[in-house]
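J.: Pasting a structure here, questions to come.
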Amino acid sequence: VSTIAVGTLGGNLILKNDGTVVGWGSTGLPGGLSNIMSIASGQDWSAAIMSNGTLVASGTVPSDLTNVAAVSICSDYCLALKRDGTVESWGSGFDGTFYVTPQPPADLTNALAISAGQAHGVALRRDGTVVVWGSNVYGQTNVPSSLTNVVALAAGQYHTVALNADGSLTVWGNAPAPPVE
């Protein structure tokens, strides 16, 4: 096993080392998938990225979406990182009051990683900077001004966590502060 993905309504996926996918529960993915390099699972659907950049999904995907390098799903809000460093979004997120589909900024380029929150998206650029967009009901798009040298990130329901190059964590939005070690 190289990767696992668990959705909120029981869609579970395992990406095996040989590029095949095993799914159980409500994944909705077709059987017999091979040459898979990445997987993701959300509330109502799951996705797998083939080595040629094709996105195979159980839910609706934009018809012009090609050259996908990574996908992230939170509930029904989805992000795709394309091989050219741009980001696309679709589906609907819930910001606590309204259903929304937050769109990434038009000038977002050079993205290296993405993560979908409940109604916000976050991207890590190759230069270690972070771009966040979408609902800000809980302060989840208020990136701390001192944040630099980020090497990894993850969006939660209404917050984001960044791993800094020095090993420290930075958290913003509706979440407790990280432990001090």
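J.: Could you order peptides 34-41, 164-171 by the average number of other Cβ atoms within 10 Å of their residues, highest first?
T.: Going by the mean number of other Cβ atoms within 10 Å, highest first, we get 34-41, 164-171.
J.: What residues qualify as long-range amide H neighbours of ALA113, i.e. H under 5 Å apart, gap of 5 or more or another chain, H built at 1.01 Å from N?
T.: Excluding prolines and chain starts, which carry no amide H, the hits are LEU124.
J.: Set the Förster radius R0 to 22 Å, insert the Cβ-Cβ distance between SER146 and ASN174 as r into 1/(1 + (r/R0)^6), and round the FRET efficiency to 0.05.
T.: 0.65
J.: Let me ask something else about it. Using mean Cβ contacts within 10 Å as the protection proxy, how do 78-87, 18-27, 113-122 order, highest first?
T.: With the highest mean Cβ count within 10 Å placed first, the list reads 113-122, 78-87, 18-27.
J.: Moving on to the next point. Can you work out the accessible area per residue across the chain, with the rest of the protein chains kept in place, probe 1.4 Å, in square angstrom?
T.: Here the residues of the chain average 48 Å² of exposed surface.
J.: How large is Rg over Rh for the chain, taking Rg from the Cα atoms and Rh as the Kirkwood inverse mean of 1/r across Cα pairs?
T.: Result: Rg/Rh = 0.96.
J.: Just to confirm a number: summing +1 for Lys and Arg and -1 for Asp and Glu over residues other than GLY7 whose beta-carbon lies under 13 angstrom from that of GLY7, what do you get?
T.: -2
J.: May I ask for the net charge around ALA119, where only other residues with Cβ less than 15 Å from the Cβ of ALA119 are counted and Lys, Arg are +1 while Asp, Glu are -1?
T.: Summing Lys/Arg as +1 and Asp/Glu as -1 gives -2.
J.: I would also like to ask the following. Tally up the carbon and sulfur contribution to the accessible surface of the chain as a whole percent, 1.4 Å probe, everything protein left in place.
T.: Roughly 51 percent of what the probe reaches on the chain is carbon or sulfur.
J.: Okay, next question. To the nearest 0.05, what FRET efficiency results for ALA106 and ASN35 with a Förster distance of 30 Å applied to their C-beta separation?
T.: After rounding to 0.05, the efficiency reads 0.40.
J.: Continuing with the same structure: Hey, can you grab everything whose amide H is under 5 Å from the amide H of SER46? Only 5+ residues off in sequence or another chain; H modelled, so Pro and N-termini drop out.
T.: Counting only residues 5 or more places away or on other chains, the set is SER58, GLY59.
The values are calculated or read from the model by the stated rules, or taken from the named source; none is laboratory data. These numbers come from a predicted model, not from an experiment. Here the Cβ is made from the backbone with ideal geometry for all residues, glycine too, and neighbour counts use every protein chain on show. These area figures cover heavy atoms from the full protein model, side chains too; ligands, DNA and RNA do not enter into them. Shrake-Rupley method; radii C 1.70, N 1.55, O 1.52, S 1.80 Å.
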